[in-house]
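Please read the structure below before turning to the comments.
We did not get these values from a lab; they are worked out from the coordinates using the rules stated. Treat the numbers as computed from the prediction; the structure is a model and nothing was measured. Here the Cβ positions follow ideal geometry from the backbone for every residue, glycine too, while neighbour counts run over all protein chains shown.
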Amino acid sequence: MNKGYLLVFLTAIISGFAIFINKYGVSVVNPYIYTFLRVLAVAVFLTALLSLFKDWQKLKKLTKKQWILLVLIGLVGGSIPFLLFFKGLSQTLAAKGSFIHKTMFIYVALLAHLFLKEKIDRRFFWGGILLLLGNLILLKKLSFEIGKGDILVFFATLLWAIENTISKYALRELEGKIVAWGRMFFGAIFIFLFLLPTGQLHLISKLNLKQISWVLITAIILLGYVLTWYSGLKLIPVSQATVILLLGSPITTFLNLISGGKVTHLEIISAILIIFGVILVIGVKEVFRAIKGLKNIIYARA
């Protein structure tokens, strides 16, 4: 089987699990500080990982063009969109912001078609309709009013779509963990440069032990996310990879269900539509091969 599909399926599972545990976390003083600390922590983890496996030497061999790509990935993927997204969510409904974010696969498909020559076939078209319907159901109330928060979330989503396209291009020559490092390392620098003149850095000293613990826990989850995502993205089309990521929502619904949480009929219908949409886009064979691969990993570690 294509190892890339398995890795991106793992990314979707990590994403769904991350959303699930967020409700058990605590709110930090400032979402910008929270984002900065998470990105910084992952950058430190990845730097240690590169040093541990002696991959640090590979950075010295990067060309000027490759360094520019990594800096660009950090700017348009690891910093600006995070700041826009959290600010936007504070000014719009969570469900509306989530829906806008989940339309990213459309922009990625268009960008990948234009710049990476990836094909958009009929399966992608019909699967995309199911994916949009699945996410649209969760809105409960369809509103055509566009507020400032919606615009900020949209631009964050568009930047992430651009970043994923650039990352796919960079991954033609670079390893997944190198691109992941670039995104988080330079992302942390750019967020720091944003926080420095705003006078918000002092808020870090006000975090308590419980809040710091949750920052580290979510940072470890984010580490797993970026490692599996960029390693998988190297091996499969970026348009298909971003579609698989939408499985994070059904996975969160499933975790809520088995944990005894409240799950509505609309959430179940949404999960079913999203699952069928992903299967239609990726193909039944690849989906079952990925599931079989996940089962083998679970049994091997049991």
Checklist entry - Within the stretch 39-61, how many residues are in contact (Cβ under 8 Å) with a residue 40 or more places away in the chain and either farther than 29 Å from L195 by Cβ or not polar (S, T, N, Q) (or both)? => result 12
Checklist entry - Which of the residues belonging to the stretch 211-251 are over 21 Å from G182 (Cα atoms), polar (S, T, N, Q) and buried (at least 22 other Cβ atoms within 10 Å of the Cβ)? => result S239, Q240, S249
Checklist entry - Does the stretch 187-198 contain any residue that is crowded, with 22+ Cβ neighbours inside 10 Å and out of contact with any Phe, Trp or Tyr (no Cβ under 6 Å at 6 or more places or on another chain)? => result yes
Item to check | Condition met for E118 (in contact with a Pro (Cβ under 8 Å, 6 or more places away or on another chain), of a type in the set (D, E, K, R) and more than 20 Å from L222 (Cα to Cα)) | outcome: yes
Checklist outcome for this item: Here, helices (runs of 4 or more DSSP H) confined to the stretch 86-137 with at least 3 residues that are within 26 Å of V263 (Cβ to Cβ) and touching a residue at least 12 places away in the same chain (Cβ under 8 Å) are 94-101, 122-136
Checklist entry - Can you pull out the residues in the stretch 163-176 that are crowded, with 19+ Cβ neighbours inside 10 Å and either aromatic (F, W, Y) or part of a helix (DSSP H, G or I) (or both)? => result E163, N164, T165, I166, S167, K168, A170, G176
Checklist entry - Within the stretch 257-276, can one find any residue that is surrounded by fewer than 20 Cβ atoms within 10 Å (Cβ to Cβ), in a helix (DSSP H, G or I) and out of contact with any helix residue (DSSP H, G or I) (no Cβ under 9 Å at 6 or more places or on another chain)? => result yes
